[in-house]
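Engineer: Dropping the structure in here first, questions after.
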Amino acid sequence: MNAPVNKFVNDYAKSGTARFHMPGHKGRKFHGLEALDITEIRGADYLFEAEGIIAQSEAKMSAAYGSRRTFYSAEGSSLCIKAMLGIVSRSAKGKRITVAAPRNVHKAFINACILLDIDVEWIYPKGEFTSICAGSVTPEDVEKVLAETEVDCVYVTSPDYLGNLSDICGMSKVCRKYGVPLLCDNAHGAYLKFLSESLHPMDLGADMCCDSAHKTLPCYTGGAMLHISSHAPEEYDGYAKEIMSMFGSTSPSYLIMESLDLCADYVSGDFPRNLERTIKRVTACKERICSFGWQAVGDEPMKITIAAYKSGITGDELADRLREYGIEPEYSDTQYVVLMPSPFNSEEDYKKLEKAFSEIRQPRIRLFGDFPAIPKGIKRMGIRQAAFSAQHAVNVEDACGLVCGMTVTSCQPSVPVAVSGEEITTQVIKILKNYGIDRINVL
Ligand SMILES: Cc1ncc(COP(=O)(O)O)c(C=O)c1O
């Protein structure tokens, strides 16, 4: 194995050195992993000024992903998303930037807009969409916005939480035509690089993307990567660490960095083979579940998303039934249940899942009259201005016609229902209620 961060920390843990440095546990067992939890001692490198073992590990990960540079985050894609937008802002040399983005962004994007005072030109898909997670747009939708509006970059979320993939390749061609960078929230798609034919944004033409290693690779929660492609403006490389350190802690977790380091070794070795085998098993499992009458949606080979409502049961109810079988899904809402397998699931796990889906009753009644379609926001004020304005909480029923203060997202999947500065309409109220949100901050 070639994992320099892990080697350093394991050697240190065995050395018997008296730890007169942070953290306070001094490497003694308290939770369990203390021996390997260190700080920036001599030789351990600094995440945001990496020149030693962390830089070596990042270079190895970069080679595995075919990026020009890859930077580690111990604070998830949430940090990388702020960093990507910060890098584009930095390269605008003081000008306030405008970003074109489909509405199904993660909350971290909104936080970046608030912190960096970014204006957003929302891109809406042609058809109606009824889940805040979905709503991916086409290259034509992107081109329409670029032709009509002056924006500094395009930002897309692909895969989305339900497993839909956008046409990153098509969008990157459009972006290049208009001379703007394409940024991709690939939080759910770290594994896409290692398919027999890569579907990773770095191979499809994106300029920058973030991958949550912890979502699909064997990495501790919080481990993520920011990739910069070889065709992105060169100045991005120099800005990346500087901007990441603006938003990140000065005490990044070594446990998470060690875990990323091991992943760099794993993806460069056994992972593609394991992934291929797992995809075959996941595909067979999906087919089996569908043979019982359930409907699977989404394009991602490694997600099983069931449109429960089409079988007459809400996603939340289906998730509860699955729990009775000892299965914990990744996500559920009124419509969907999302399951996320990985090569680390056992054959027993798949058997359990197939048994559950074969036995859970499908009432096959029409559950909902209609799902409120996600509306086009009516902008009354900038996101930052609204987020920092004086505001008070009201019941959502009483918010009609008022302006949203702090952006409202459902707890999971953290996609905004009402964005700071937008008018609350009856349609927005319906959606808020659909996601179980009762109170909202208004100006
Ligand atoms: C689409 C999407 N983007 C970004 C994030 C943030 O990722 P992280 O949890 O690694 O900070 C999430 C988290 O669930 C997500 O679903």
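The values are calculated or read from the model by the stated rules, or taken from the named source; none is laboratory data. This one's a predicted model, so the numbers in the text were calculated from it and none came from an experiment. A quick note on method: Cβ atoms are made from the backbone with ideal geometry, for glycine too, and the neighbour counts reach across all protein chains shown. Remember, those area values only see protein heavy atoms, side chains included, never the ligands or the DNA or RNA. Shrake-Rupley method; radii C 1.70, N 1.55, O 1.52, S 1.80 Å.
Engineer: Can you tell me how many residues in segment 56-108 are more than 16 Å from the ligand (Cβ to nearest atom), within 19 Å of residue 224 (Cβ to Cβ) and either in a loop (DSSP other than H, G, I, E, B) or at pLDDT below 95 (or both)?
Structural biologist: Number of matching residues: 3.
Engineer: Within the set of pairs 6+ apart or on separate chains, which have a first residue in segment 262-287 that is within 14 Å of residue 303 (Cα to Cα) and open to solvent by 30 Å² or more (accessible area, probe 1.4 Å), a second that is β-branched (Val, Ile, Thr) and outside any helix (DSSP H, G or I), and C-beta atoms under 8 Å apart?
Structural biologist: Cβ pairs passing all conditions: 286/304.
Engineer: Also, I was wondering about something else. Can you name the condition, by its number, that residue 114 falls short on among (1) under 20 Å from residue 206 (Cα atoms); (2) open to solvent by less than 30 Å² (accessible area, probe 1.4 Å)?
Structural biologist: For residue 114, the exception is condition (1).
Engineer: Being in a strand (DSSP E or B) and either surrounded by fewer than 19 Cβ atoms within 10 Å (Cβ to Cβ) or without any contact (Cβ under 8 Å) to a residue 12 or more places away in the chain (or both), is that true of even one residue in segment 368-390?
Structural biologist: yes
Engineer: Go through segment 324-350 and count every residue that is exposed (fewer than 12 other Cβ atoms within 10 Å of the Cβ) and more than 20 Å from residue 271 (Cβ to Cβ).
Structural biologist: So the count comes out to 4.
Engineer: State the number of residues belonging to segment 143-167 that are open to solvent by 30 Å² or more (accessible area, probe 1.4 Å) and among the hydrophobic types (A, V, I, L, M, F, W, C).
Structural biologist: 2
Engineer: Another one. Which numbered condition trips up residue 429, out of (1) more than 27 Å from residue 115 (Cβ to Cβ); (2) free of Cβ contacts under 8 Å to residues at least 40 places away in the same chain; (3) not in a helix (DSSP H, G or I)?
Structural biologist: Failed condition: (3).
Engineer: In addition: Return the residues of segment 165-223 that are of a type in the set (Asp, Glu) and within 12 Å of the ligand (Cβ to nearest atom); say none if nothing qualifies.
Structural biologist: Correct list: 185, 211.
Engineer: Only residues that are in a strand (DSSP E or B) and of a type in the set (A, V, I, L, M, F, W, C): list them for segment 391-426, please.
Structural biologist: Once the filter is applied, which keeps residues that are in a strand (DSSP E or B) and of a type in the set (A, V, I, L, M, F, W, C), segment 391-426 yields 393, 394, 403, 404, 408, 417, 418.
Engineer: Still on this structure, I have one more. Taking segment 397-423 as the search range and keeping residues that are within 15 Å of the ligand (Cβ to nearest atom) and within 18 Å of residue 384 (Cβ to Cβ), which one is least open to solvent (accessible area, probe 1.4 Å)?
Structural biologist: 416
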